[in-house]
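*Asks:* Starting off with a structure, shown below.
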Amino acid sequence: EQYPGNPFGESDFTLEKDFAQLAAALRQIVLELCESSVTVTKQVDEGDGTYRPDPGWEFTGSVSTSQGGYSWVLPAPPPSTGPRTETTNEKGIATFQWDTSNANAVGPFRVSEQPQDGYDFVDATCTITQITRRRSRVVGSVTLTTPVGEVTVGPNQYASCTVRNRIRPGTIEIEKNATPESSRAFSFTGSLGIGDFTLVDNRADENASRIVANLAPGTYTVSELVPDNWELT
């Protein structure tokens, strides 16, 4: 079955004899592959300040069309309508695509993210691209400040969304208790990224504890250098 001549999704091959028309023919194939679709790319900062694609995040999408009906292409039916949930793959991507019964239909697409413990939503940005036989261009963008939002996709358009989350940092507090209390400074070292430090267990001193915040999840070490004539209890 050749395309054009048969529906794209039911065709086996395409043939373009005029090299001058090759770019337009390939653009039409891209349109068939991408129109009425929303691609979600999940990026996560795991605590080092760099956002990277992350698999295993669930997104739920739903479509409503201004004219006629629709049916899901991705995720593959069944069901052919209604909310669908997709999980980001190893590249951090989840794809939603649908066919409309009316070529002029505008499809508001609503997407929501399933939160994961230990992570905070940062933002989401969606760009809407229009494809014609001559060129493609960005015709709009949407910035979301919550993990639930909506983007409108019109005829010959597709949307690309990047959703960012940040791991919730941790805090470690080291508190010194000594008997008897005195002005004696106890030395500490460790892997907290703050170098060596001292703590003094004296009610009149504010240096009896040390708090280190904004730590990426992981394993840290703290060691006290026990002075002579003192015993660690």
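The values are calculated or read from the model by the stated rules, or taken from the named source; none is laboratory data. This one's a predicted model, so the numbers in the text were calculated from it and none came from an experiment. Here the Cβ positions follow ideal geometry from the backbone for every residue, glycine too, while neighbour counts run over all protein chains shown. The protein model used for the area step is the full one, side chains on, heavy atoms only, and it has no ligands, DNA or RNA in it. Shrake-Rupley method; radii C 1.70, N 1.55, O 1.52, S 1.80 Å.
*Asks:* For segment 1-53 and segment 118-150, compute the distance between their C-alpha centroids and round to whole Å.
*Replies:* 17 Å
*Asks:* Follow-up. If amide H atoms are built 1.01 Å from N in the plane of the peptide, which residues on other chains or at least 5 residues away come under 5 Å of the amide H of Leu144?
*Replies:* Here Ala124, Thr125, Cys126 satisfy the definition.
*Asks:* For a protection proxy built on the mean count of beta-carbon atoms within 10 angstrom, sort 107-120, 220-233 highest first, please.
*Replies:* 107-120, 220-233
*Asks:* Using only the Cα atoms of segment 1-87, build the gyration tensor, take square roots of its eigenvalues as a ≥ b ≥ c, and label the shape rounded, prolate or oblate: rounded if a/c is under 1.5, else prolate if a/b is larger than b/c, else oblate.
*Replies:* Taking the square roots of the gyration eigenvalues as a ≥ b ≥ c, segment 1-87 is oblate.
*Asks:* Right, another one. Over the chain, consider all pairs of different Cα atoms and compute the Kirkwood hydrodynamic radius from their mean reciprocal separation; express it in Å, one decimal.
*Replies:* With all distinct Cα pairs of the chain included, I get 22.1 Å.
*Asks:* Given a 1.4 Å probe and heavy atoms of the protein chains only, how would you sort Arg134, Arg27, largest accessible area at the top?
*Replies:* Highest to lowest solvent-accessible surface, that is Arg134, Arg27.
*Asks:* Where does each of 39-46, 180-187 land if you order them by average Cβ count within 10 Å, highest first?
*Replies:* The most tightly packed comes first, giving 39-46, 180-187.
*Asks:* In terms of modelled amide H atoms, which long-range or inter-chain residues lie less than 5 Å from the amide H of Asp45?
*Replies:* Sorted by chain and number, the residues that satisfy this are Arg52, Asn165, Arg166, Ile167.
*Asks:* In 5 Å bins starting at 0, how do the alpha-carbon pair distances of segment 130-231 split up by percent?
*Replies:* Histogramming segment 130-231 at 5 Å steps yields 2, 9, 15, 11, 9, 7, 5, 5, 5, 6, 6, 6, 5, 4, 3, 1, 0 percent.
*Asks:* May I ask you to evaluate 6.51 cos²θ - 1.76 cosθ + 1.60, the Karplus curve with θ = phi - 60°, for each residue of segment 189-196 and list the ³J(HN,Hα) values in order in whole Hz, giving x for glycine and proline?
*Replies:* Karplus values, whole Hz, x for Gly and Pro: 9, x, 10, 7, x, 10, x, 6.
*Asks:* Next question, about the same structure. Tell me, for the chain, which Cys residues have no other cysteine's C-beta sitting closer than 4.7 Å.
*Replies:* Taking the Cβ cut-off of 4.7 Å, the unpaired cysteines of the chain are Cys34.
*Asks:* Just how much of Leu74 is accessible, in Å², when a 1.4 Å probe is used and the result is rounded to the nearest 10?
*Replies:* 70 Å²
*Asks:* Convert each backbone phi in segment 116-122 into a coupling constant with the Karplus relation 6.51 cos²θ - 1.76 cosθ + 1.60 (shift: θ = phi - 60°), then list the ³J(HN,Hα) values in order as whole Hz, x for Gly and Pro.
*Replies:* Computed from phi, the couplings for segment 116-122 are 10, 4, x, 10, 10, 5, 9 Hz.
*Asks:* Moving to a separate point now. From the phi angles alone, apply the Karplus equation (6.51, -1.76, 1.60; θ = phi - 60°) to segment 66-76 and give each ³J(HN,Hα) in whole Hz, x where the residue is Gly or Pro.
*Replies:* The phi angles translate into 6, 9, x, x, 8, 8, 5, 9, 9, x, 4 Hz.
*Asks:* How much accessible area per residue does the chain have, counting only protein heavy atoms and a probe of 1.4 Å, in square angstrom?
*Replies:* In whole numbers, the chain has 60 Å² accessible per residue.
*Asks:* Now a separate question. Helix 22-34: angle to the longest alpha-carbon principal axis of the chain, degrees 0 to 90, nearest 10?
*Replies:* 60 degrees
*Asks:* Next question. Can you give me the long-range amide H partners of Thr152? Hydrogens built in the peptide plane at 1.01 Å from N, cutoff under 5 Å, separation of 5 or more residues or another chain.
*Replies:* HN-HN under 5 Å from Thr152: Phe109.
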